[in-house]
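This report refers to the structure that appears directly beneath it.
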Amino acid sequence: MTEIVLPNDINGLGNLMGGRLLYLMDKCAAISAQRHANMVCVTASVDSVEFKSPIYQNEVVVIESWVNRAFRTSMEVELRVVAENPLDQTSRLCNRAYYTFVGLNDEGIPTPVPAIHPETDDERHNYESAAKRREVRLLLSGRLSLNDAKHIKEDILATMTASE
Ligand SMILES: CC(C)(COP(=O)(O)OP(=O)(O)OC[C@H]1O[C@@H](n2cnc3c(N)ncnc32)[C@H](O)[C@@H]1OP(=O)(O)O)[C@@H](O)C(=O)NCCC(=O)NCCS
């Protein structure tokens, strides 16, 4: 998704407002989720978002998003935000984030979404690590107990074994 930063989008310092960027990221992620699921999808959660670099008026915001993994009714969507300066053709990475979307049926009930079949090494890495991130977000939201956090427990055990 590509957008130019116009006067209506900026704060008093001339930078793109964080909330405006989150809105654009949510829209872009929703498109990826709905393209994958072929159904209406809603945002269930947004992991921590770090604003690494300001984006200035007249710069071009390029947001890429893709589905790392589908679980049952939910999907992890990853985003990458780059700011481009159209005058000197430079660009820089400004944000990365993970959004979770849930597919809904016509009654608004969470509904199973198609699986993801990773093909490249990057896709396989994103697919595997998505299961750990899901456990962390479900733990933090109180939807999962540490006892049931299989991947997190495996990681802790592996770290302890390596340090022995
Ligand atoms: C998201 C929503 C559909 C979940 O409904 P629910 O009744 O909790 O449904 P379930 O318990 O069956 O959970 C559905 C899925 O959401 C996931 N989920 C729910 N809350 C989550 C959270 N905080 N983080 C990550 N995943 C979450 C569950 O793990 C489950 O995924 P799975 O089926 O792949 O295992 C519901 O809370 C909702 O409609 N929220 C409002 C969505 C919205 O309006 N978004 C825009 C906000 S501005």
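General observations
- Qualifying residues in region 122-150 (those that are open to solvent by less than 80 Å² (accessible area, probe 1.4 Å) and not in a helix (DSSP H, G or I)) - the one farthest from residue 76 (Cα to Cα): 145
- For region 55-71, the candidate set comprises residues that are among the β-branched types (Val, Ile, Thr) and open to solvent by less than 30 Å² (accessible area, probe 1.4 Å); within that set, the residue that is nearest to the ligand (Cβ to nearest atom) is 67.
- Residue count for region 77-91 satisfying the condition of being open to solvent by less than 20 Å² (accessible area, probe 1.4 Å) and out of contact with any Ser or Thr (no Cβ under 6 Å at 6 or more places or on another chain): 3.
- Of the criteria (1) open to solvent by 80 Å² or more (accessible area, probe 1.4 Å); (2) modelled with pLDDT of 95 or more; (3) basic (Lys, Arg), which one residue 153 fails: (2)
- Look at region 117-140: where a residue is under 21 Å from residue 158 (Cβ atoms) and a partner is open to solvent by 70 Å² or more (accessible area, probe 1.4 Å), sitting 6+ places away or on another chain with Cβ atoms under 7 Å, you get 139/146.
The values are calculated or read from the model by the stated rules, or taken from the named source; none is laboratory data. Being a predicted model, the structure only gives us computed values, none of them experimental. In this analysis, Cβ positions are derived from the backbone assuming ideal geometry, glycine residues included, and neighbour counts consider all displayed protein chains. The accessibility values were calculated without ligands, DNA or RNA, using every heavy atom of the protein model including side chains. Shrake-Rupley method; radii C 1.70, N 1.55, O 1.52, S 1.80 Å.
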